[in-house]
Each structure stands twice: as C-alpha cells, then as structure tokens.
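For reference, the structure discussed in these notes is given below.
Every number in this text was worked out from the coordinates using simple rules, so none of it is lab data. Computed from a predicted structure; not experimentally measured. Heads up, the Cβs are rebuilt from the backbone with ideal geometry, glycines too, and the neighbour counts pull from every protein chain shown.
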Amino acid sequence: MKVGFIGLGNMGSGMAANLLKAGHELTVYNRTADKARALVDQGARPAKTPAEASKGDVVFTMLADDGALENALFGGDGVLSSLARGAIHVSASTISVGLSEKLTREHASRGQRFVSAPVFGRPEAARTAKLFVAVAGPEDAVERCRPLFEAIGQKTFPFGDRPSSANLVKLSGNFLIASTIEALSEVMALVAKGGLDRHRYLEFLTSTLFAAPVYKTYGGLVADQKFSPAGFAAPLGLKDVRLALAAGEALRVPLPLASLIRDRFLRLLAEGGESLDWSAISVLALEDAGLRER
C-alpha cells in the first residue's frame, strides 16, 4: 500500500519504521527534515511538504497537538489540498473531540475519508509494534487500514463509525493514566515519609493487586525519580488533561480529579519541568510531604 507518514517524533518514527518493515511503500515528512534521515536510509521516500506525503492511498499524521495538525492539513502545501478523493487520512494524534469532528466534515466535503486511530503506548511500544490502537471511522475505511494497524500495534479496538469516538476514548484513557501517576505519587510519598523503601513497596504493589503495565511502568519512574529523557513530556500531559476537561464540559460531565491534575501539571511547568516526563508530577507530592528541597 502507498502510505504517507507525517510527524516523526518519539512515537511517529517507530510507527513509520514498522510500516516500512511490513512492506508498505512509505513517504515521510517531518518539519525538521533530519528526523526523516534514518527512515530514508531504510527505503522511505522523503517529502518536502505535507502535501507531497499525501499522494498515496493513506496518509498518517502523528503530531503533538491540534495546532500542529491543523498546520499540516490546511493551506496550499497541506494534506487536504493533495489527498485524492476516496483516499484516507488516519489521525493517530491525541487531539480534541472538536477538531476530530471538524476534520470529519472537511474530509467529507472533499470526498476524502477520515479515520481516527490514536494509540496507547510509550515510544518503546511504538518501536516494537506493541501499541494498542483505538479506531473509529467509516467501516470500509477502517477495514482498508487494518493491515496498517496490525503493522504498528498488537491489538486494534474499533469504536464505531464516528471518528471522534476514538478521540474521546484516547482522552479518557490518558486522563486515567495521569490519575494513576498522581495516585502513585501520593502513596509513594506516604510510604517514604513512613520510612519504607519505595522500590520494595512497588514490588509488593505490582506483584499483587496492581500488576497492570501502567503501574509497573509509571511506578518504576516514580520510585526511581527518573524523568529524563521524557517518554511523554509534561506539556503534552497538561494538553491531554485540558482536552479531557473540554470534552467533559461539552458533554456536561464534571471531572473534578482532572482539574486537580491539570493544576499539578501547571505547577510542574511553572517550576521548570517543561522537558521532563509527565510522571515528574510525583516530585510535587514529595515536596508536599516535606521530602524534597526546592
């Protein structure tokens, strides 16, 4: 299949590499061209604009936020101007429900098809094709892309024919991860203040009732206080919690815990945590407990 891929950051580079390994004819674009070099060396074709990467059967976008995605889509050098009628745009980004609904309308007005397929997993999962894909969109378009999803992930979960449904799933899932990080941060501070070893406590947690990967991954980062290099940067965590709050407001669903976690991220960024992993909010729980000097 002729596939374009736009956005070669920590996640996108691994996903694109796995599409290439699966035998697809890949064209790649990144705003910083150097990030495409490794993929070009493996056989991908470089594109100079998003439009140039959007001339095949399917184009993936994996970009940081709504603004970055809109910049890649609109304008003379954007995806919308180049994607053929009947071709498919797969957005793997974590974007707002509102933007997903807007893109559904924009693509439909041009005879193009739009599929939302945000992914769950950190960069290592992207590199090893172990992502989980939440997908929604027209059934025929989703089925057309299924081999692509199988190339980047270990399991695909369909959520109907409305693309924004997958974005709501992604935002709710990231809110749950952030909530888990906050809970781990607080209990780690509690047991540490009580004189217990954090690593021994984590081993107990993850060997009994809390054996899920999210507890093992983020519990390890919190226990080690290892936040750099960031697998998922703190500003992105703030962005996702804000988008979850916006979705809650639109649907008239209060999310009081999300408001608390948003403020955690704001404080972390105010104190210089821009480049840290989002699990670095655990530093604030330690500070609250008097266990860490500013």
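Listing for the model above:
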{"item": "Global geometry of the chain, whether rounded, prolate or oblate, following the gyration tensor of its Cα atoms and the 1.5 cut on a/c", "result": "prolate"}
{"item": "Helical contribution to [θ] at 222 nm, DSSP H n ≥ 4, -39,500 (n - 2.57), averaged over the chain, rounded to 500", "result": "-16000 deg cm²/dmol"}
{"item": "Fully extended contour minus Cα-Cα distance, from Met1 to Asn71, at 0.36 nm per residue", "result": "22.6 nm"}
{"item": "Virtual spin-label span in nm between Ala183 and Glu150, 7 Å along Cα→Cβ", "result": "3.5 nm"}
{"item": "Theoretical FRET efficiency, 1/(1+(r/R0)^6), r = Cβ-Cβ of Arg267 and Arg37, R0 41 Å, to 0.05", "result": "0.60"}
{"item": "Whole-percent pair-distance distribution, where bins are 5 Å wide, for the alpha carbons of the range 167-288", "result": "2, 12, 22, 23, 19, 14, 7, 2, 0"}
{"item": "Full-extension gain in nm, Ser172 to Glu274, via 0.36 nm per residue minus C-alpha separation", "result": "34.4 nm"}
{"item": "Extended-chain gain in nm, criterion 0.36 nm per residue less alpha-carbon gap, Asp288 and Lys55", "result": "78.6 nm"}
{"item": "Percent of Cα-Cα distances greater than 15 Å, calculated over the range 160-224", "result": "56 percent"}
{"item": "Sites Leu209 and Glu124, calculated FRET efficiency, Cβ-Cβ separation with R0 30 Å, nearest 0.05", "result": "0.75"}
{"item": "Descending semi-axes in Å of the range 2-161, equivalent ellipsoid built from Cα gyration tensor", "result": "20, 19, 14"}
